[in-house]
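K.L.:
Structure provided below as structure tokens; questions to follow.
The values are calculated or read from the model by the stated rules, or taken from the named source; none is laboratory data. Since we're looking at a predicted model, the values are computed, not measured. Ideal geometry is used to build each Cβ from the backbone, glycine not excepted, and the neighbour counts take in all protein chains shown.
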């Protein structure tokens with residue numbers, strides 16, 4: 001089957017009926033990661049249209065393919081499918097890139113580029129995994145999936161929690177971003193439950209939103225866990241240093257009482273380790289020469 005004959009699971013394609021998530025805050029200034037994500041998506045889309053044989057090759061190797069378990073377990077597709085869009089329609093990529101343009105810069109500035117990119121790709125991966133799961137259990141038929149909609153809906157969910165004052169356009173009407181997120185969630189749930197025409201895409205939408213919301217809502221817990229882990233590591237380090245100091249004190253007392261020839265190989269090794277550690281600490285405290 002040729003590339004342009006396939007009926008793609010167009011995740012995000014129906015978003016043109018519901019309106020793209022746009023903030024009424026003027027035109028945002030592009031941030032580095034968002035800029036490159038848009039460039040890559042648009043470039044791949046144009047290349048696949050202009051050079052159709054190359055497009056067939058690109059989609060064949062990088063789309064999310066649930067028609068074969070062998071291709072379904074090729075994990076790179078969970079990332080690469082997010083950079084492909086329905087080559088037979090313009091609105092699919094248009095609304096996804098509009099969503100990325102209006103939502104992405106705020107989150108990238110809030111989190112930083114590295115964390116934002118991980119979040120963006122992670123939401124898209126969650127969408128792909130949920131779709132593959134539904135196919136594996138027989139709830140949905142196996143098909144092909146392309147598009148960044150799972151990632152974009154993850155951005156929408158994150159902004160709805162972090163910046164509830166944002167206003168977006170929904171069916172050309174300005175509404176609070178949280179209202180848009182709730183309405184879209186309801187639409188996607190109904191489409192998935194009734195196995196509608198874009199059930200696979202809406203499964204990715206829901207999973208992307210869930211992943212985005214879960215990441216933001218779990219941040220206090222993750223911060224607390226990270227602090228607890230660092231505190232535990234620091235306490236273990238202090239205990240090791242205290243134990244080493246006790247051993248050094250005992251060995252030095254032994255040298256004082258019986259001479260250095262009385263030390264065992266292990267004791268000499270401990271003394272050497274303590275000496276090296278002290279030299280390193282002294283060098284750090286003195287700073288560069």
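K.L.:
For the range 163-176, give me each residue that is touching a helix residue (DSSP H, G or I) at 6+ places or on another chain (Cβ under 6 Å) and at pLDDT 90 or above. Spell out how you get there, then give the answer.
P.N.:
Within the range 163-176, the subset touching a helix residue (DSSP H, G or I) at 6+ places or on another chain (Cβ under 6 Å) is 164, 166, 168, 170.
Of everything in the range 163-176, nothing turns out to be touching a helix residue (DSSP H, G or I) at 6+ places or on another chain (Cβ under 6 Å) and at pLDDT 90 or above.
K.L.:
Give the range 68-90 a look and list any residue that's closer than 21 Å to residue 130 by Cβ and exposed (fewer than 14 other Cβ atoms within 10 Å of the Cβ), or say none.
P.N.:
Those that are closer than 21 Å to residue 130 by Cβ and exposed (fewer than 14 other Cβ atoms within 10 Å of the Cβ): 68, 69, 70, 73, 75, 76.
K.L.:
Please state which one of 193, 203 is in the same structural domain as residue 96 (by TED's automatic domain parsing), at pLDDT 80 or above and buried (at least 17 other Cβ atoms within 10 Å of the Cβ).
P.N.:
203
K.L.:
Mind checking which residues of the range 125-149 are touching a residue at least 60 places away in the same chain (Cβ under 8 Å) and on the phi > 0 side of the Ramachandran plot?
P.N.:
Selection gives 147 alone.
K.L.:
Looking at (1) surrounded by 15 or more Cβ atoms within 10 Å (Cβ to Cβ); (2) within 23 Å of the chain's Cα centre (by Cα), which is the only condition residue 229 fails?
P.N.:
With (1) surrounded by 15 or more Cβ atoms within 10 Å (Cβ to Cβ); (2) within 23 Å of the chain's Cα centre (by Cα) applied to residue 229, the lone miss is (1).
K.L.:
Which residues, counting only those in the range 60-97, are modelled with pLDDT under 90, out of contact with any strand residue (DSSP E or B) (no Cβ under 6 Å at 6 or more places or on another chain), farther than 30 Å from residue 163 by Cβ and not in a loop (DSSP other than H, G, I, E, B)?
P.N.:
Within the range 60-97, 69, 70, 72 meet the criteria.
K.L.:
What pairs come up if the first residue lies in the range 105-124 and is over 17 Å from residue 149 (Cα atoms), the second is in a helix (DSSP H, G or I), and their beta carbons are under 6 Å apart, counting only those six or more places apart or on different chains?
P.N.:
Cβ pairs passing all conditions: 108/33; 108/34; 108/116; 113/32; 113/33.
K.L.:
OK, next. Do we have residue 244 as closer than 30 Å to residue 156 by Cβ and either more than 19 Å from the chain's Cα centre (by Cα) or not in a helix (DSSP H, G or I) (or both) here?
P.N.:
No: the conditions fail for residue 244.
So that you can scan it fast, the table gives a plain yes or no per residue for (1) out of contact with any helix residue (DSSP H, G or I) (no Cβ under 7 Å at 6 or more places or on another chain); (2) farther than 27 Å from residue 40 by Cα; (3) modelled with pLDDT of 95 or more:
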residue: 118; (1), (2), (3): yes, no, yes
residue: 121; (1), (2), (3): no, no, yes
residue: 135; (1), (2), (3): yes, yes, no
residue: 139; (1), (2), (3): yes, yes, no
residue: 144; (1), (2), (3): yes, no, no
residue: 150; (1), (2), (3): no, no, no
residue: 154; (1), (2), (3): no, no, yes
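K.L.:
Within the range 98-108, is even one residue in the same structural domain as residue 157 (by TED's automatic domain parsing), at pLDDT 95 or above, surrounded by fewer than 19 Cβ atoms within 10 Å (Cβ to Cβ) and over 13 Å from residue 215 (Cα atoms)?
P.N.:
No, the range 98-108 contains no residue that is in the same structural domain as residue 157 (by TED's automatic domain parsing), at pLDDT 95 or above, surrounded by fewer than 19 Cβ atoms within 10 Å (Cβ to Cβ) and over 13 Å from residue 215 (Cα atoms).
K.L.:
Another question about this same structure. Checking residue 53 against (1) farther than 16 Å from residue 205 by Cβ; (2) modelled with pLDDT of 85 or more; (3) crowded, with 16+ Cβ neighbours inside 10 Å: exactly one of these is not met. Which one?
P.N.:
(3)
K.L.:
Could we say that residue 117 is under 22 Å from the mean Cα position of the chain (by Cα) and either buried (at least 19 other Cβ atoms within 10 Å of the Cβ) or in the same structural domain as residue 31 (by TED's automatic domain parsing) (or both) here?
P.N.:
For residue 117, the condition - under 22 Å from the mean Cα position of the chain (by Cα) and either buried (at least 19 other Cβ atoms within 10 Å of the Cβ) or in the same structural domain as residue 31 (by TED's automatic domain parsing) (or both) - is met.
K.L.:
Residues to consider are 182, 152, 187; find the one that is in contact (Cβ under 8 Å) with a residue 12 or more places away in the chain and more than 16 Å from residue 123 (Cα to Cα).
P.N.:
Of 182, 152, 187, the one residue that is in contact (Cβ under 8 Å) with a residue 12 or more places away in the chain and more than 16 Å from residue 123 (Cα to Cα) is 187.
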